Amino acid sequence: MTELTAKTIAELRDGFRAGEFTAREIAESFNSAVAAARTLNAYTVETPEDALASADAADKARASGEVGSLAGIPLGIKDLFATRGVNTTAGSHILKDFKPPYESTVTANLREAGAGMLGKLNMDEFAMGSSNETSTYGPVLSPWRRRGSNVGLTPGGSSGGSAAAVAAEIAPGATGTDTGGSIRQPAAFAGICGIKPTYGRCSRWGVVAFASSLDQAGPMAKTVRDCAILLEVMAGFDPKDSTSLDLPVPRWEANLSGDLRGKRVGIPKEYRIDGVPSEINTLWDRGIEWLKDAGATPVEISLPHTKYALPTYYIIAPAEASSNLARYDGVRYGLREVPESGNLDAMYSATREAGFGAEVKRRIMIGTYVLSAGFYDAYFTKAQKVRALIKQDFRRAFEQCDVILTPTAPSAAFGIGETTDPLAMYLNDVFAVPASLAGLPAMSVPGGLDEQGLPLGLHLIGNELDEQTVLNAGLAIEERAGFAARPDKWW
Amino acid sequence: MADSAAPFRIKGETGEWEVVVGLEVHAQITASRAKLFSGAATAFGAEPNTQVSLVDAAMPGMLPVPNRECIRQAVRTGMALDAKINRWSRFDRKNYFYADLPQGYQISQLYHPLVGEGEVEILLDEKDESSAKNIGIERIHVEQDAGKLMHDQHPTMSYVDLNRCGVALMEIVSRPDMRSPAEAGAYLRKLRAILRYVGSCDGNMEEGSMRADVNVSVRKPGDEFGTRTETKNVNSVRFVMQVVEHEAKRQVELIESGGSVAQETRLFDPDKGVTRSLRSKEDAHDYRYFPDPDLLPLELDDAFLDECRKSIPELPDAKRKRYELMGISPYNASVLTAEVEAAGWFDALIDNDVDPKQAANWTVAELFGALNRTGATIAESPVSPAHAAGLLKLVADGTISGSIAKTVFEKMLESGDPAVEIVEREGLKQTSDTGAIDAEIDKILAANADKVAEYKGGKQQLFGFFVGQTMKAMAGKANPQVVNERLRAKLDA
């Protein structure tokens with residue numbers, strides 16, 4: 001029997017239901033693996049008792065015959081999700097030791113389905129970053145290493161802890177959030193699957209806000225099927241979130257099919273950009289072949305405003321963030337720094353100076369700037385217009401195709417400390433950001449390894465509300481890529 | 001109140017000046033009893049920080065959800081002000097840091113307000129329809145109120161009470177159409193009356209559920225508008241009028257002494273009756289308004305708007321005109337419709353098949369007079385509309401005289417009993433018994449033979465004397481008409 005930690009969520013679920021092993025055995029296996037992998041710095045808080053309690057409840061439920069869809073499955077939870085009574089800090093010093101008296105809707109849904117919690121997962125501070133290096137807890141180490149190298153690599157970001165945990169098999173699945181690629185890029189770097197659903201599928205209630213019009217939660221797991229299982233539980237209408245979609249949750253898992261006959265796959269010509277390693281484009285071509293093999297027809301499409309997506313994103317996201325992060329002022333919760341003989345303004349300055357890291361401050365300043373009098377129209381209004389054009393690009397493209405295939409990221413994982421220029425860091429999201437601006441479902445699935453033995457991901461973008469086609473195309477790639485590589489356990 | 005015929009002018013050294021006033025009225029939506037985006041309760045005077053939800057305290061990950069009833073009340077208010085209702089509106093964030101503002105931004109509506117242009121008719125002289133003037137409404141938007149800081153609880157620290165935080169406000173912005181303190185006062189009173197009729201806001205300025213920012217500038221009549229100052233958070237009609245008066249004079253003196261008016265925010269000191277500078281335009285915040293990404297645009301459908309429209313009661317102007325058509329004097333109609341409670345009381349009274357004109361005279365003179373003396377509100381009136389109708393009917397059908405009616409009313413005020421019972425109990429019924437009246441008349445004529453002779457000699461005015469003597473002898477209970485008839489029969493025979 002394979003180790004329990006090596007199994008997929010579907011295997012754990014089915015084995016638990018069939019009585020091959022108990023939920024407690026699953027929880028204990030993962031708890032031990034978590035404790036043995038602290039070198040990775042993936043978890044900021046470990047909650048083994050929580051995982052065990054949920055497991056015992058699941059075992060009891062199974063004895064009586066009524067089990068939830070995730071009974072017996074312990075998960076890692078990104079530190080952006082509020083978890084009642086458990087530290088929720090968004091990877092920031094300013095929320096040091098913050099324990100919310102409430103549970104986010106997404107994690108409440110997971111608990112309702114019987115899932116347990118292994119702990120809170122490290123992340124870039126306030127989800128701002130592509131390498132997990134902006135976390136107040138220090139960077140997460142990817143379980144992957146370049147062939148013959150000991151250099152520590154990033155797992156990507158901002159859901160770097162989630163990606164590393166799944167890849168290192170210290171969680172069978174994890175929650176992530178994606179504002180401009182924060183699920184998909186780390187999934188690609190870590191050789192796992194991750195899907196960001198249509199904006200509004202998952203409630204944002206209880207998820208610490210970065211950029212409200214872009215933030216979307218989604219699952220990260222080893223397989224496409226596992227993503228479908230988790231997403232079905234995480235998604236759903238929530239009256240507490242005005243932007244939540246009041247639609248029934250489709251049965252994505254039951255409708256999974258790698259048969260793409262009759263489907264057209266759009267290949268956007270604007271995504272062939274200079275400076276991207278040839279391996280990335282080679283993998284992309286291989287992806288096209290796999291989808292053809294599954295019965296789909298590739299069609300070249302044009303998304304003409306693609307080159308404006310990144311600058312547009314880096315106006316809108318910081319603008320919203322500068323306002324969303326104003327609440328961290330030291331008055332009601334979190335860090336408070338009171339300088340001697342200082343007034344209220346001095347307290348704000350000292351608290352925010354000490355509480356926020358450099359990247360967060362940079363984005364607050366950018367956001368404040370683009371919203372300020374005299375610059376608002378030139379930046380924010382213009383960016384909103386371009387965003388509308390990018391949405392229009394996709395609307396037109398989906399008249400010609402059913403799903404779009406691109407690379408997930410322009411490179412494989414890079415070393416910790418290697419990328420110091422913020423603009424170079426922002427380029428990581430060049431392929432991910434357009435779908436975020438358009439609010440479309442998008443997924444990364446592993447396609448293969450590069451020459452150095454590091455995973456590369458393929459990126460599927462679907463039409464609004466059509467997660468099913470994204471998942472199905474992902475499954476078709478998964479079935480053909482035969483990606484079974486796992487990092488050698490060095491930790 | 002100023003004479004409406006003569007425009008209000010400030011006499012300066014260089015001639016006469018005109019004052020230009022616009023008001024931004026913040027009216028709390030008290031009808032919803034719930035906050036704009038959090039659903040928390042909004043009772044006035046609750047213990048600090050007991051009416052605060054996770055959303056109001058801006059805990060991480062909390063999201064606003066618009067309260068339908070708050071939006072409905074703002075739409076109804078807009079309709080009552082004859083204003084354009086925008087089917088599509090949107091919320092914006094106004095960003096600034098302050099300890100009473102947990103989110104670090106106020107959710108308001110800058111770019112696309114819920115309600116557009118409307119107007120309010122004011123009467124400067126209640127007796128004179130021709131003193132009417134329309135004051136334009138520019139817009140009404142919906143926004144969150146902030147919390148309150150308490151500076152007197154600790155020697156070195158300030159405390160924050162978030163109870164008011166997130167309470168729904170309507171900001172009702174007028175055009176700069178007012179030209180005197182009296183007009184500003186009349187506008188604010190009329191606006192408050194309309195809000196109370198609609199029921200959206202209780203208009204309670206003492207509790208802060210309605211307050212005004214007063215924009216004042218001066219100019220020589222016919223000139224362009226001058227630079228305005230904005231005096232914030234003025235919380236009574238009288239204070240608003242004082243601010244206009246004071247600011248106008250201050251600005252005239254400033255300009256005439258060679259200075260110029262600075263565009264600035266000022267505060268009113270009610271103890272001294274003066275305004276003082278709070279901050280200048282240069283110090284003004286850059287609020288960095290942008291559409292709130294946590295909220296979808298508000299889109300109103302026909303069914304919602306129809307329901308809002310149907311739910312609006314008869315408003316003061318319409319009611320006043322209806323009363324006038326019933327024969328009620330313009331003054332009485334105006335007084336009776338000024339407050340929704342009084343108008344409601346009066347409507348209930350005339351539902352009892354009484355003469356509206358007499359009912360109006362009686363209500364304004366007798367009932368309001370009595371309530372004023374005792375300091376009671378109409379809601380506290382010991383006399384119900386039905387009981388009042390009973391009293392008026394006893395007068396109308398001759399059961400009691402007008403003067404006895406006053407006595408009966410006093411007893412009604414004391415006891416709360418119906419007039420009929422009091423009249424029965426105290427034996428105050430008017431008599432038309434000619435036998436009894438004749439007997440008293442005969443006695444009086446006999447005892448005043450000299451006056452009878454004078455009367456018959458042509459001193460007609462003595463007739464009143466005989467009436468008075470007879471009524472007195474009958475303890476006021478004789479039917480005056482019968483007394484008149486019998487006296488004439490006997491004296492003129």
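The values are calculated or read from the model by the stated rules, or taken from the named source; none is laboratory data. Since the structure is predicted, the reported quantities are computational estimates derived from the model, not experimental observations. Backbone-built Cβ (ideal geometry, glycine too); neighbour counts: all protein chains shown.
The rows are residues; the columns are (1) of a type in the set (A, V, I, L, M); (2) buried (at least 24 other Cβ atoms within 10 Å of the Cβ); (3) away from chain B (no Cβ under 14 Å).
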position	(1), (2), (3)
A:GLY156	no, yes, yes
A:ALA165	yes, yes, yes
A:ALA188	yes, yes, yes
A:PRO219	no, yes, yes
A:ARG225	no, no, yes
A:PHE237	no, no, no
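From B:LEU36, B:LEU23, which residue is in contact with a helix residue (DSSP H, G or I) (Cβ under 7 Å, 6 or more places away or on another chain) and closer than 26 Å to A:VAL208 by Cβ? Let's see the steps before the verdict.
On the way: B:LEU23 fails: closer than 26 Å to A:VAL208 by Cβ.
When all the criteria are applied, what remains is B:LEU36.
For the criterion of being β-branched (Val, Ile, Thr), in contact (Cβ under 8 Å) with a residue 12 or more places away in the chain, more than 14 Å from chain B (Cβ to nearest Cβ) and closer than 30 Å to B:ARG288 by Cβ, A:VAL445 fails. Take the stretch A:371-380 and flag every residue that is within 9 Å of chain B (Cβ to nearest Cβ) and either closer than 18 Å to A:THR420 by Cβ or in a helix (DSSP H, G or I) (or both). Selection gives A:LEU371, A:TYR376, A:PHE380.
Would you mention how many residues in the stretch A:385-421 are outside any loop (DSSP other than H, G, I, E, B) and either in contact with an Asp or Glu (Cβ under 7 Å, 6 or more places away or on another chain) or of a type in the set (Val, Ile, Thr) (or both)?
Within the stretch A:385-421, the first condition is being outside any loop (DSSP other than H, G, I, E, B), and the residues that meet it are A:385-400, A:403-407, A:415.
Restricting the remaining residues to those that are either in contact with an Asp or Glu (Cβ under 7 Å, 6 or more places away or on another chain) or of a type in the set (Val, Ile, Thr) (or both) gives A:386, A:390, A:403-404, A:406.
Residues flagged as outside any loop (DSSP other than H, G, I, E, B) and either in contact with an Asp or Glu (Cβ under 7 Å, 6 or more places away or on another chain) or of a type in the set (Val, Ile, Thr) (or both) within the stretch A:385-421 amount to 5.
Of everything in the stretch B:345-369 that is small (Gly, Ala, Ser) and surrounded by fewer than 16 Cβ atoms within 10 Å (Cβ to Cβ), the residue that is farthest from B:LEU325 (Cα to Cα) is B:GLY369. Within the stretch B:53-77, being within 24 Å of A:GLY330 (Cβ to Cβ), surrounded by 21 or more Cβ atoms within 10 Å (Cβ to Cβ) and more than 10 Å from chain A (Cβ to nearest Cβ) holds for one residue alone: B:ASP56.
Among residues of the stretch B:273-302 that are more than 14 Å from chain A (Cβ to nearest Cβ), those with a Cβ under 9 angstrom from a residue that is among the aromatic types (Phe, Trp, Tyr) and surrounded by 13 or more Cβ atoms within 10 Å (Cβ to Cβ), sequence gap 6+ or separate chain, pair up as B:GLY273/B:PHE239; B:VAL274/B:PHE268; B:THR275/B:PHE268; B:ARG276/B:PHE268. Within the stretch A:68-85, the set of residues being surrounded by fewer than 24 Cβ atoms within 10 Å (Cβ to Cβ) and under 14 Å from A:VAL207 (Cα atoms) comprises just one member, A:ARG84.
Scanning the stretch B:148-186 for residues that are among the small types (Gly, Ala, Ser) and either surrounded by fewer than 15 Cβ atoms within 10 Å (Cβ to Cβ) or at pLDDT below 95 (or both) yields a count of 1. Do we find a residue being more than 14 Å from every other protein chain (Cβ to nearest Cβ), crowded, with 19+ Cβ neighbours inside 10 Å and either part of a strand (DSSP E or B) or without any contact (Cβ under 8 Å) to a residue 12 or more places away in the chain (or both) anywhere in the stretch B:104-118? Yes; the residues of the stretch B:104-118 include at least one that is more than 14 Å from every other protein chain (Cβ to nearest Cβ), crowded, with 19+ Cβ neighbours inside 10 Å and either part of a strand (DSSP E or B) or without any contact (Cβ under 8 Å) to a residue 12 or more places away in the chain (or both).
Looking only at the stretch A:239-281, count how many residues are within 14 Å of chain B (Cβ to nearest Cβ) and not charged (D, E, K, R).
In the first step, residues of the stretch A:239-281 are kept if they are within 14 Å of chain B (Cβ to nearest Cβ); the result is A:239-246.
The next check asks that each one be not charged (D, E, K, R); those that pass are A:239, A:242-245.
Qualifying residue count for the region: 5.
Answer with yes or no whether A:ALA188 is under 13 Å from A:ASN41 (Cα atoms) and assigned to a helix (DSSP H, G or I).
Working: under 13 Å from A:ASN41 (Cα atoms): no; assigned to a helix (DSSP H, G or I): yes.
No, not satisfied.
Filtered by the rule that a residue be within 20 Å of A:SER372 (Cα to Cα) and assigned to a loop (DSSP other than H, G, I, E, B), the stretch B:261-293 gives B:ALA284, B:HIS285, B:ASP286, B:TYR287, B:ARG288, B:TYR289, B:ASP292, B:PRO293. Applying the condition of being more than 11 Å from chain B (Cβ to nearest Cβ) and under 19 Å from A:ALA82 (Cβ atoms) to the stretch A:307-359 and asking which residue is surrounded by the fewest Cβ atoms within 10 Å (Cβ to Cβ) yields A:LEU335.
A:ALA90 fulfils the conditions (1) within 13 Å of chain B (Cβ to nearest Cβ); (2) touching a residue at least 40 places away in the same chain (Cβ under 8 Å); (3) in a loop (DSSP other than H, G, I, E, B); (4) more than 16 Å from the chain's Cα centre (by Cα) except for a single criterion, (4). Screening A:LEU121 on (1) under 18 Å from the mean Cα position of the chain (by Cα); (2) within 14 Å of chain B (Cβ to nearest Cβ); (3) in contact (Cβ under 8 Å) with a residue 60 or more places away in the chain shows it passes everything except condition (2).
Taken as a whole, the structure places A:GLY200 among residues that are within 14 Å of chain B (Cβ to nearest Cβ), out of contact with any strand residue (DSSP E or B) (no Cβ under 6 Å at 6 or more places or on another chain) and part of a loop (DSSP other than H, G, I, E, B).
When restricted to residues that are more than 15 Å from the chain's Cα centre (by Cα) and either part of a helix (DSSP H, G or I) or of a type in the set (Lys, Arg) (or both), the stretch B:313-330 contains 7. On inspection, B:GLY226 fails the criterion of being in contact (Cβ under 8 Å) with a residue 40 or more places away in the chain, within 21 Å of the chain's Cα centre (by Cα) and in a loop (DSSP other than H, G, I, E, B). Taken as a whole, the condition of being assigned to a loop (DSSP other than H, G, I, E, B) and either outside the structural domain of B:LEU110 (by TED's automatic domain parsing) or within 17 Å of the chain's Cα centre (by Cα) (or both) applies to B:MET205.
For the residues A:THR89, A:THR39, A:THR47, the requirement of being of a type in the set (Ser, Thr, Tyr), in contact with a helix residue (DSSP H, G or I) (Cβ under 6 Å, 6 or more places away or on another chain) and either closer than 23 Å to A:THR177 by Cβ or modelled with pLDDT of 95 or more (or both) singles out A:THR89.
When B:LYS319, B:LYS310, B:LYS357 are screened for being at pLDDT 95 or above, of a type in the set (D, E, K, R), more than 30 Å from B:GLY104 (Cα to Cα) and touching a Phe, Trp or Tyr at 6+ places or on another chain (Cβ under 9 Å), only B:LYS319 passes.
Looking across the stretch B:81-103 at every residue that is assigned to a loop (DSSP other than H, G, I, E, B) and away from every other protein chain (no Cβ under 14 Å), the one that is surrounded by the fewest Cβ atoms within 10 Å (Cβ to Cβ) is identified as B:ARG87.
Scanning the stretch B:160-196 for residues that are touching a Cys at 6+ places or on another chain (Cβ under 9 Å) and either over 25 Å from B:LYS148 (Cα atoms) or assigned to a helix (DSSP H, G or I) (or both) gives B:ARG192, B:LEU195.
Being at pLDDT 95 or above, at negative phi and within 14 Å of another protein chain (Cβ to nearest Cβ) is true for just one of A:ASP285, A:ASP293, A:ASP215. Which residue is that? Give the derivation first.
On the way: A:ASP285 fails: within 14 Å of another protein chain (Cβ to nearest Cβ); A:ASP293 fails: within 14 Å of another protein chain (Cβ to nearest Cβ).
The conditions single out A:ASP215.
Where in the stretch A:240-355 are there helices (runs of 4 or more DSSP H), lying fully within it, with 2 or more residues that are without any contact (Cβ under 8 Å) to a residue 12 or more places away in the chain and under 30 Å from A:ALA413 (Cα atoms)?
Details: elements: A:278-293, A:309-324, A:344-355.
Hits in the stretch A:240-355: A:278-293.
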